[in-house]
Amino acid sequence: MARRNRGHRSAAFFDLDKTIIATSSSLAFAGSFMDGGLVTRAHALRTAYAQFLFLVGGADERQTNRLRDSLSDLIKGWEVPKVQKIVAETVHEHIDPVVYDEALALIRRHQANGRDVVVVSASARDVVEPIAQLLGADAVVASELEVKKGFYTGEITFYAYGEAKADAVRKLAEERGYDLSRSFAYSDSITDAPMLDEVGHGFVINPDRGLRAAAAVHGWGALRFKKPVGLHSGPSTRSTVATLVVIGAIVAAIVILARAGSPDPED
């Protein structure tokens with residue numbers, strides 16, 4: 001149930017993966033991490049496959065935890081400045097082509113109406129923040145990774161998932177003076193039901209049958225995003241693996257849309 005805060009401001013909270021972009025943000029950089037020597041080609045292909053399972057699996061708790069554990073194991077021992085440099089240098093290459101046109105239009109509409117836009121993702125902050133900056137978002141809620149002596153340990157100190165994501169939204173609202181009863185939230189995943197229930201205006205994106213049923217029970221709106229046309233130009237062919245990741249994500253998104261039916265657009 002939406003909670004009224006003391007503040008008079010409102011915000012729009014957007015899940016990232018399969019809501020703003022048609023792929024997994026954590027895995028979209030697999031090709032560049034491979035080029036940077038952080039992973040082998042075999043590792044990159046396995047992460048592409050893990051992404052495909054995540055996309056077609058409905059992002060339920062089992063699939064999300066599997067993705068989390070896979071990424072946690074993968075990044076253990078990576079040098080933090082090197083990862084940040086790779087993400088900063090290739091964010092346009094990997095993210096521009098897979099941004100949903102409808103999501104970008106919604107972001108701009110909310111900003112035009114004076115609302116802050118907050119990207120809320122279970123992916124790591126070092127990945128989410130550059131994407132949020134690319135989109136012109138005002139704030140970020142993301143998972144936090146443990147770092148020791150400049151290297152990731154593989155431990156996750158805060159996992160922005162389920163109830164924890166909703167808790168983080170409430171905390172940010174208190175800090176910034178957002179009235180959650182006047183705020184909006186968007187997500188493709190049933191695991192984000194707690195976040196959607198925190199705001200006065202919740203919307204599900206490309207929902208499958210189960211999520212659409214939950215939306216009916218909670219009174220959430222349903223939107224269909226189908227145009228990952230990108231911000232500037234088409235996808236780069238710099239890395240074969242990265243291209244396969246994007247293609248696989250788009251194909252999976254089409255499958256999800258086919259299952260989702262034709263929800264009504266926001267008024």
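Only the coordinates and a few stated rules stand behind these numbers; no lab work does. Not measured: the values here are computed from a predicted model. Using ideal geometry, Cβ is built from the backbone for each residue, glycine included, and neighbour counts are taken over all protein chains shown.
Annotation: amide H-H contacts under 5 Å for Ala12 (H modelled 1.01 Å from N, sequence separation of 5 or more, or interchain): Asp116, Val117, Val118, Phe184.
By the count of neighbouring beta-carbon atoms within 10 Å, fewest first, Val204, Val147, Val39 end up ordered Val147, Val39, Val204.
Packing here is the average count of other Cβ atoms within 10 Å per residue, and on that basis the peptides 215-225, 97-107, highest first, run 97-107, 215-225. The spacing between the range 178-207 and the range 97-147, judged by their C-alpha centroids, is 15 Å.
Working note: Karplus 6.51/-1.76/1.60 with θ = phi - 60° gives the range 81-95 the couplings x, 5, 4, 4, 5, 4, 4, 4, 7, 10, 4, 5, 4, 9, 9 Hz, where Gly and Pro are set to x. By the count of neighbouring beta-carbon atoms within 10 Å, fewest first, Leu16, Leu135 end up ordered Leu135, Leu16. Working note: Karplus 6.51/-1.76/1.60 with θ = phi - 60° gives the range 17-33 the couplings 5, 6, 10, 8, 10, 8, 7, 8, 4, 5, 9, 5, 8, 4, x, 6, 5 Hz, where Gly and Pro are set to x.
Too long at a 32 Å Cα-Cα cut-off: which of Lys18/Lys82; Lys82/Lys165; Lys18/Lys171? Where the Cα-Cα span goes over 32 Å, no listed pair is concerned, since all stay within it.
Counting every other Cβ atom within 10 Å of each residue's Cβ, Arg108, Arg115 order from fewest to most as Arg108, Arg115.
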